[in-house]
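Down below is the structure, laid out as structure tokens.
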């Protein structure tokens with residue numbers, strides 16, 4: 001699989017490229033950036049380590065290199081401020097994102113190519129990409145709540161002192177202020193998480209609030225997320241490359257799931273070589289369903305203002 005990373009000279013894009021290199025799955029990584037020297041430097045640095053990692057082609061490129069890419073990943077965007085919601089980014093990022101889409105369209109894409117949006121506000125931009133590029137909805141995916149879900153599971157594991165890889169719990173809805181935790185189906189090694197000692201309503205509230213604030217916490221301490229988001233990007237791309245049919249909380253344009261349509265947000269989604277293979281309507285607690293519908297409403301109100 002050939003992957004083009006637009007914005008690959010930035011923190012998120014470079015961490016994604018590094019995670020993909022270590023994953024040893026994709027055969028080619030092309031790094032694009034408005035700062036060509038930065039793109040060339042990142043590609044060179046990664047290539048220098050390839051002898052001890054994997055036999056991959058890693059280069060800096062241009063939009064023309066997207067034409068034969070299997071997957072185009074957009075990470076370019078302006079950084080969120082510590083006191084700024086992701087939706088506040090919309091007025092600052094939509095113009096930039098539209099120009100990127102225009103250049104991708106100008107270069108041309110394969111009919112079966114996957115467009116993978118990471119830039120924020122990711123749900124709004126995923127919907128915008130679907131509208132502008134004319135790709136089938138299954139082939140336009142946003143990172144959605146993948147990072148939120150990873151943070152959520154990791155924080156739960158830390159609190160109950162169990163391995164993070166055994167915790168399975170989802171964050172759904174918007175990647176932003178209206179995200180919701182799904183405790184109803186959460187497990188630890190297949191056992192119901194809500195039955196574990198200490199996993200009280202107060203515990204649940206504390207963990208979710210910490211999850212919601214995690215992005216701002218990282219920004220205030222080191223300037224922005226990098227390693228964790230790189231890992232989650234690689235997880236999605238590898239699910240596509242290997243046709244794993246993994247159930248992931250990625251964002252895509254909803255097709256009448258939970259009574260929702262015409263909005264991009266995260267629901268349990270089967271991801272494989274064709275992109276979104278299906279969207280799963282998992283049974284939710286009534287309060288979770290209400291929160292998901294409220295999240296969709298908030299996103300639709302924002303979409304209407306574009």
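When 117, 3, 236 are arranged by Cβ crowding within 10 Å, least crowded first, meaning fewest neighbours, the order is 236, 3, 117. Enter the angle in degrees (range 0 to 90, nearest 10) between the Cα long axis of helix 227-241 and the first principal axis of the Cα atoms of the chain, meaning the one along which they spread out most. Long axis of 227-241 versus the principal axis of the chain: about 80 degrees. Extension gain, residue 53-residue 277: 0.36 nm per intervening residue step, less the Cα-Cα distance, totals 77.5 nm.
Once the cut-off is 24 Å, how many percent of the Cα-Cα pairs in segment 1-127 end up in the long-distance tail?
Values: 2081 of 8001 pairs.
Here the long-distance tail beyond 24 Å is 26 percent of all Cα pairs in segment 1-127.
In the chain, the DSSP-assigned H stretches of four residues or longer account for a calculated mean residue ellipticity at 222 nm of -13500 deg cm²/dmol, using -39500 (n - 2.57) per stretch and the full residue count as denominator.
Considering only DSSP beta bridges with both partners in the chain, what is the antiparallel share in %, to the nearest 5? Taking every DSSP beta bridge within the chain, about 50 percent pair in antiparallel fashion.
In degrees between 0 and 90, to the nearest 10, how far off the longest principal axis of the chain does helix 36-48 point, with axes built from Cα atoms? Roughly 80 degrees, rounded to the nearest 10. With respect to the chain, whose longest principal axis is taken over its alpha-carbon atoms, helix 122-133 is tilted by about 50°. Per-residue Cβ neighbour counts within 10 Å put 148, 65 in the sequence 65, 148, beginning with the fewest.
Ranking of 62, 175 by neighbouring Cβ atoms within 10 Å, starting from the fewest: 62, 175. Mind telling me which of 183, 137, 285 comes out most flexible in a GNM of the chain, alpha-carbon contacts under 10 Å? Between 183, 137, 285, it is 285 that shows the largest mean-square fluctuation.
Read-outs: derived from the displayed coordinates by stated rules, not from any lab. Since the structure is predicted, the reported quantities are computational estimates derived from the model, not experimental observations. For neighbour counting, all protein chains shown are included, and Cβ atoms are generated from backbone atoms with ideal geometry for every residue, glycine included.
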